[in-house]
Amino acid sequence: MTPSGEGGASRELTREAVDAAIAEYRSIGGPAFRKKYNFGGARDYFLVVEGDNLDSKAIVGAAYAYLPGGQALTAKDFSGGLADAAGRLIKLGYDVLSPGQNADWSWDEHVLALDFYLTHRDPVPGKPSAQIQGLSELLIALGKRTGVAMTPKFRNANGVYMKMMNFRRLDPEFKAQGKSGLQRGSDLERRVWEAYAGERELLKAQADALRYAIGDVAIPLTITAEDEVEYEGEEGGVLLKLHRSRERDSKLVRRKRADVLKRTGALACEVCSLDFGARYGELGEGYIEVHHLKPVASLGGGGKTKLSDLAVVCANCHRMLHRGRRLRTLDDLRKAMSGAV
Ligand SMILES: [Zn+2]
Ligand SMILES: [Zn+2]
């Protein structure tokens with residue numbers, strides 16, 4: 001039997017199985033464990049257990065043997081990278097560290113850091129301060145929730161303080177005092193600064209929504225390769241995950257579909273009129289996506305959703321509403337479509 005088929009690598013891993021593999025690793029030691037399961041030395045991500053760094057791939061490979069009727073995976077069953085062994089561990093709530101580099105600062109992290117900077121800039125708290133430590137802990141929590149590559153130095157006080165100095169170099173108020181900040185910095189710092197410098201309220205609302213999302217463990221925040229390519233900006237990354245969590249098949253979403261069906265006699269896209277039942281026959285009957293019309297940041301984290309906050313749209317139009325830096329309105333998208341050749 002090949003382990004990569006059904007019942008192999010595609011099976012859902014459980015915490016019980018991983019914990020059993022960890023226990024075995026600790027009882028027989030790393031070298032014997034890797035030899036038994038045929039894994040080389042840890043060149044990949046580390047699973048952190050009580051301060052020890054364990055080889056994430058070997059643990060995951062062995063954990064499959066602990067599933068009911070399961071069979072261990074070998075190194076060649078993993079394509080490598082975070083999305084694979086380490087990604088599965090992160091999904092189950094384990095702490096995983098990269099032996100290599102920390103992920104680059106994301107747009108979302110810059111939003112949290114800039115909100116912090118503008119709140120605390122006069123003067124920027126020192127490295128050992130509780131405020132800098134607090135931001136560091138928040139960013140580490142975000143890193144764990146989104147599953148990015150993290151080393152033991154990920155967003156530590158040094159790195160966070162450095163980011164403050166990089167923002168200061170862009171700060172006209174600071175320059176006006178005849179001082180100049182660091183000369184070097186990233187392009188993203190500048191773009192985030194420019195996006196929010198004149199929009200303090202929006203920045204705060206987005207930072208609040210991010211903090212809310214980080215704190216609510218029920219919202220899946222793992223960033224996939226697709227997210228990174230498609231989205232950058234105000235309704236991308238974590239806020240897009242938060243937005244989607246509101247559009248998932250909840251009671252309200254089902255009520256919205258029923259309401260539209262009752263009122264209009266069909267489930268047609270509010271932008272382009274596509275009706276899945278008419279287009280795909282029986283297969284498409286009853287299918288339509290539900291889109292939340294309000295940017296998540298405007299809802300201050302939680303926020304109660306009303307039926308009128310939702311629209312029914314086809315999958316294509318839904319994508320296009322979310323594409324780009326800001327959430328489009330249905331009207332904007334209708335105009336974009338009528339303008340298209
Ligand atoms: Zn449509
Ligand atoms: Zn949406």
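Equivalent ellipsoid semi-axes for region 15-97, as square roots of 5 times the alpha carbon gyration tensor eigenvalues: give them largest first, rounded to whole Å.
15, 14, 14
Kindly state, to the nearest 0.05, the FRET efficiency for Arg263 paired with Asp216, given R0 = 51 Å and r defined as their beta-carbon distance.
Taking R0 as 51 Å, the efficiency between Arg263 and Asp216 is 0.95.
To the nearest µm²/s, what D does Stokes-Einstein give for region 21-62 at 4 °C and 1.567 mPa s, using the Kirkwood radius over alpha carbon pairs as Rh?
130 µm²/s
Could you put Ser308, Ser186 in order, starting from the residue whose Cβ has the fewest other Cβ atoms within 10 Å?
Listed from fewest to most nearby Cβ atoms, that is Ser308, Ser186.
Using the number of other C-beta atoms within 10 angstrom as an exposure proxy, rank Val313, Val238 with the fewest first.
Going from least to most buried by this count: Val313, Val238.
Test of understanding: ordering Asp55, Asp331 by Cβ neighbours within 10 Å, fewest first, what list do you get?
Least to most surrounded, the residues fall as Asp331, Asp55.
Tell me, rounded to the nearest percent, the portion of alpha carbon pairs in the chain spaced more than 37 Å apart.
Tail of P(r) above 37 Å: 34 percent of Cα pairs.
Any idea what Rg and Dmax come out to for region 107-198 if you just take the C-alpha atoms, in Å?
13.0, 41
Kindly give the semi-axes, whole Å and largest first, of the ellipsoid equivalent to region 63-122, taking each as the square root of 5 times a Cα gyration tensor eigenvalue.
So the equivalent ellipsoid measures 38, 13, 8 Å along its semi-axes.
Give me the log10 of I(q) over I(0) for region 32-181 at q = 0.09, 0.12, 0.13 Å⁻¹, as the Debye formula computes it from C-alpha points; what are the numbers?
Cα-only, vacuum Debye calculation for region 32-181: -0.39, -0.60, -0.67.
Computed from the coordinates by the stated procedures, all read-outs in this text should not be read as laboratory data. Only a predicted model underlies this, so the values are computations on that prediction, with no experimental measurement involved. Because the Cβ atoms are built from the backbone with ideal geometry, glycine has one as well, and the counts that use them run over all protein chains shown.
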